[in-house]
Amino acid sequence: MKKKLIALNLVFLAALAAIGWQLHSQWTNAQERDARVIEAPLKAVHIPPPLPAPVVKPVAPASYAEVAQKMLFAADRNPNVILDPVIPPKPKPVPPFPAAHGVMIWGDVPPTIILSEKGNPEQRSYRVGEKVGDFTIAKITNDAVTFSWDGKEFEKKLDDLIDNTPPPAAPARQPAMAQNANSQSVSLSSQDKQGPGITIGTDMKGCQTGDNSSAGTVIDGMKKIVTATPFGSSCRWEKVQ
């Protein structure tokens, strides 16, 4: 038993000696390695110069546009101004056209048209350039008239301008005529509708509706003249020379 214990102790002593030798060997190697590192010359390392500091740009208000756009309580956060839509003005309504009662074109006399304004039974003659109501007469032909209004021109056929409203019933006429056979002059009372009508030119008047006096009749110094035209008979009164 004692021999075994002695042998075991010897084994332990051998193991401890081996471990101690290994530790001593490693410590010696470490010391030598440290000495070599310490004694080794250091290599010079080139250090580049420091880079220049970046230039700070001056503050520009435009650079804060994104900040302003993202501020919900900023009144000017949206740079895109939305303009109100432009509503074009409504065109002015065209006034009612006058009623036509006839046109006279002959010889060297300027074209003349007889018109009455809408709602006004009074008739009178007009020539190119004259105004009737809101319109200005721009052109007169045998079957049409051109009106100018608000920079626009309107060509209207005479048939479209005829007023088909029946006239009010006229009172019974009481003619009082005294005819002279030598001069063929006829004197009419103030109630008679025969005779010269409205003035349509110098020393010239138109015929009245319903005038059935014959051509050549002289009344108040005016002579009735009836001329045949391609559009029918044209009637007028001219001053007796």
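Where a number appears in this text, it was derived from the coordinates with a stated rule and is not lab data. This is a predicted model, so every value here is computed, not measured. Every residue, glycine as well, gets a Cβ built from its backbone with ideal geometry; the counts of neighbours run over all protein chains shown.
Things to note:
- Measuring max minus min along each principal axis, the C-alpha atoms of the stretch 37-130 give extents of 138, 41, 21 Å (largest first).
- Based on the Stokes-Einstein relation at 10 °C and a viscosity of 1.306 mPa s, and on the Kirkwood radius from alpha carbon pairs, the stretch 99-161 is assigned a translational diffusion coefficient of 135 µm²/s.
- Under Karplus coefficients 6.51, -1.76 and 1.60, residue-wise ³J(HN,Hα) of the stretch 138-147 in Hz, glycine/proline x: 9, 7, 10, 10, 5, 10, 8, 9, 10, 9
- If R0 equals 25 Å, the separation of the Cβ atoms of Ala17 and Ala40 corresponds to a calculated FRET efficiency of about 0.10.
- Full-stretch length increase - Lys90, Leu51 - with 0.36 nm per residue and alpha-carbon distance subtracted: 6.9 nm
- For Val132, the residues whose amide H sits under 5 Å from its own are Ile137, ignoring neighbours fewer than 5 places away on the same chain, with H placed 1.01 Å from N.
- Sorted peptide list for 151-157, 111-117, 203-209, 220-226, criterion being average Cβ within 10 angstrom, highest first: 111-117, 203-209, 220-226, 151-157
- Three-way shape call for the stretch 1-64 based on the alpha-carbon gyration tensor, with the a/c threshold at 1.5: oblate
- Note on Asn212/Asp150: beta-carbon distance plugged into 1/(1 + (r/R0)^6) with R0 of 41 Å gives a FRET efficiency of 0.45.
- Summing charges over all other residues whose Cβ lies under 12 Å from the Cβ of Phe97, with Lys and Arg as +1 and Asp and Glu as -1, gives -2.
- Under the Karplus curve 6.51 cos²θ - 1.76 cosθ + 1.60, θ = phi - 60°, whole-Hz ³J(HN,Hα) for the stretch 102-115, x wherever Gly or Pro sits: x, 9, 10, 9, 7, x, 8, 6, x, x, 10, 10, 9, 10
- Across the cross-link table entries Lys156/Lys239; Lys152/Lys223; Lys118/Lys205; Lys92/Lys118, which are compared at the Cα atoms, the separations over 29 Å belong to Lys156/Lys239; Lys152/Lys223.
- Peptides 129-140, 5-16 ranked from most to least packed by the mean count of surrounding Cβ atoms within 10 Å: 129-140, 5-16.
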